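The values are calculated or read from the model by the stated rules, or taken from the named source; none is laboratory data. These numbers come from a predicted model, not from an experiment. Counting neighbours? That spans all protein chains shown, and the Cβs are built from the backbone with ideal geometry, glycine included.
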Amino acid sequence: MTRSVLADLDAVLSIARLGTFRAAALDLGMSTTALSNSIAKLEQRLGIRLFNRTTRSVSLTDAGKTFVERVGPAVIDIRDAMLAAQSLQET
């Protein structure tokens, strides 16, 4: 998994958790435009819309809900594995 794919997954999870692109962009330390472009590219690669967007709200589509439910635990496992590997290097 490339770094950009992991960043895209973190972006989806952050938007789903925080409920807005703006809050997620602040959380991730990036601009709202960059975050929106990243999500649009991911949706294009997947061939599905993950979010319903209006000027006032953002919500997960049914496909987005399924994606987040499946990806969330996997991302946590990946992060845990990375931390475990780093801790071995430190000893």
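Data table
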read-out	value
Unique match (being of a type in the set (Gly, Ala, Ser) and surrounded by 11 or more Cβ atoms within 10 Å (Cβ to Cβ)) among Gly72, Gly47	Gly72
Conditions (1) over 13 Å from the mean Cα position of the chain (by Cα); (2) part of a helix (DSSP H, G or I); (3) among the polar types (S, T, N, Q); (4) at pLDDT 95 or above; number of the one not met by Ser87	(4)
Single condition Ala16 does not satisfy, out of (1) surrounded by 13 or more Cβ atoms within 10 Å (Cβ to Cβ); (2) over 11 Å from the mean Cα position of the chain (by Cα)	(2)
Inter-residue pairs, beta-carbon under 9 Å, first among the aromatic types (Phe, Trp, Tyr) and in the range 9-34, second in a helix (DSSP H, G or I), 6+ apart	Phe21/Ile15; Phe21/Thr32; Phe21/Leu35; Phe21/Ser36; Phe21/Ile39
Only listed residue being within 15 Å of Leu9 (Cα to Cα) and loosely packed, with under 14 Cβ neighbours inside 10 Å, chosen from Thr55, Thr66	Thr66
Qualifying residue in the range 26-43 (condition: aliphatic (A, V, I, L, M), in a loop (DSSP other than H, G, I, E, B) and in contact with a Ser or Thr (Cβ under 9 Å, 6 or more places away or on another chain))	yes
Set Ser36, Ser31: member being more than 29 Å from Ala81 (Cβ to Cβ) and within 12 Å of the chain's Cα centre (by Cα)	Ser36
